[in-house]
Structures are given as structure tokens and as C-alpha cells.
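The values are calculated or read from the model by the stated rules, or taken from the named source; none is laboratory data. Please read these numbers as outputs of a predicted model, since none were measured by experiment. Every residue, glycine among them, receives a Cβ derived from its backbone with ideal geometry; neighbour counts consider all protein chains shown.
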Amino acid sequence: MEVYFVKGMSNSYITSDGVLIDAGVKLNDVVKVAEQHGIKIRYLFITHYHVDHTRYAADIAKALGCAVVVPELDSDVVEGRSRPPGGLAGLLHSLMRVKPVKADVKVKDGDEVEGYRALAAPGHTPGSTAYVKEGAMFSGDAVLSSNGRPVLPPKRYNFDQHRAEESFRKLLDLKPKVIYPGHGTPIKFMP
């Protein structure tokens with residue numbers, strides 16, 4: 001599986017098997033990268049409800065006709081039935097007027113979609129989820145990167161700091177070959 005980077009409000013990734021991870025990037029940027037590599041986007045996987053990962057989800061899903069995969073515990077926010085809990089996340093969500101998007105698939109820990117295993121990684125948001133396939137982990141903001149090293153997101157952005165720390169350790173203990181984080185550069189581990 002090849003992975004292609006798309007820069008937006010956060011990191012988004014397009015995989016050679018037609019999956020877009022997160023939607024903090026404009027539709028035309030997604031289309032440009034997908035066309036460069038001859039990829040048809042069939043799925044949009046959301047890692048968590050924060051605006052920098054969902055802002056363009058509705059536009060992308062509508063234009064590309066892809067199925068939207070959302071963590072079950074974050075689906076009420078992504079689908080527009082509730083506001084994000086907490087101060088800054090809720091404020092940004094409102095100010096940026098995030099359009100709701102229907103989840104075609106709601107995932108829980110251990111669920112698989114197209115060979116990607118969902119791993120619950122709560123703490124950053126209640127439903128933060130990483131997706132793993134073939135030794136590649138797409139961590140959203142459960143694991144970030146600073147100069148290629150894994151780091152936690154800043155405390156002020158975490159819904160539950162203790163659970164964020166537990167999830168961080170859990171994901172690193174899985175020892176993936178590479179982590180594609182929501183912010184920062186990919187984290188590569190030696191075999």
C-alpha cells in the first residue's frame with residue numbers, strides 16, 4: 001500500500017487502495033493528489049470530530065461519492081446532532097460552520113473496513129480512533145509527531161488527558177512500522 005500526503009488544516013492521507021484519511025483539506029487538493037496517482041477515493045475515514053479533521057468532509061463525500069467512516073462515539077458531532085463538548089473545540093466548530101456529514105459506517109474498537117482495523121484511542125476526543133493496515137497506522141491526533149518522534153497533543157486540546165496518555169501508550173505498544181499522524185511528519189520505526 002502506498003500512502004500520499006495532502007496538507008490542509010491537518011494532515012490528510014490518500015492510500016493507493018482508495019482511502020482518504022481525514023478531511024481537513026479542500027476538495028480540489030484531494031482531487032489533485034488522487035488524479036496524480038490514478039486513485040479513485042472510495043472511502044473517507046474520520047479519526048475524530050475536531051474541525052481540522054472534518055471541515056471539508058461533507059463537500060468531499062458529496063463530490064466524490066465516497067462512503068464516510070466515523071468513530072461511533074464521535075458520530076453525533078460529525079453528523080451534526082450535537083456540538084463538541086468542551087470550550088475551544090465547540091467554539092471553533094461553530095465559528096468555522098462545519099457542515100455535518102452522514103456516517104455510512106460507524107466503527108468501534110476492533111471493527112474492520114476494507115482491511116483497516118479501527119483502534120479506539122479515546123482521550124483527545126471521546127471517540128478518537130486510529131486505523132491500521134499492513135503495519136501503517138493513521139493516528140489522527142492520538143499520536144502526533146515532533147521532528148519524527150511521537151508526542152502527545154497539547155493538554156488544552158484533549159477531552160480527557162489521562163485517557164489520551166493511555167491511548168498514546170497503547171498505540172505505540174502496537175509497534176507499527178510507520179505512524180501517519182494528524183500533525184507533523186510520519187514516524188518510522190526500525191524493524
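Working only within the stretch 23-40, note down all residues that are surrounded by fewer than 15 Cβ atoms within 10 Å (Cβ to Cβ) and not in a helix (DSSP H, G or I). Selection gives His37, Gly38, Lys40. Counting the residues of the stretch 41-52 that are modelled with pLDDT of 95 or more and in a helix (DSSP H, G or I) gives 0. Take Leu20 and decide whether it is among the hydrophobic types (A, V, I, L, M, F, W, C), more than 16 Å from Ala136 (Cβ to Cβ), under 12 Å from the mean Cα position of the chain (by Cα) and part of a strand (DSSP E or B). No: the conditions fail for Leu20. Restricting attention to the stretch 117-163 and to residues that are surrounded by fewer than 15 Cβ atoms within 10 Å (Cβ to Cβ) and in contact (Cβ under 8 Å) with a residue 60 or more places away in the chain, the residue that is nearest to Glu2 (Cα to Cα) turns out to be Glu134. Sub-8 Å Cβ pairs linking a first residue in the stretch 12-41 that is in contact (Cβ under 8 Å) with a residue 40 or more places away in the chain and farther than 20 Å from Ile179 by Cα to a second residue that is part of a loop (DSSP other than H, G, I, E, B) and of a type in the set (Phe, Trp, Tyr), at least 6 apart or interchain, number zero.
Scanning the stretch 166-189 for residues that are part of a helix (DSSP H, G or I) and over 18 Å from His50 (Cα atoms) yields Glu166, Arg169, Lys170, Leu171, Leu172, Asp173.
Residues are listed down the side, and each one gets a yes or a no for (1) under 18 Å from Leu20 (Cβ atoms); (2) modelled with pLDDT of 95 or more:
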position	(1), (2)
Thr129	yes, yes
Val143	no, yes
Val151	no, yes
Pro154	no, no
Asn158	no, no
Gly182	yes, yes
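Entry remark, the stretch 170-191: residues being without any contact (Cβ under 8 Å) to a residue 40 or more places away in the chain and surrounded by 12 or more Cβ atoms within 10 Å (Cβ to Cβ) number 2 in total.
Taken as a whole, the structure places Val68 among residues that are at pLDDT 95 or above, in a strand (DSSP E or B) and not aromatic (Phe, Trp, Tyr).
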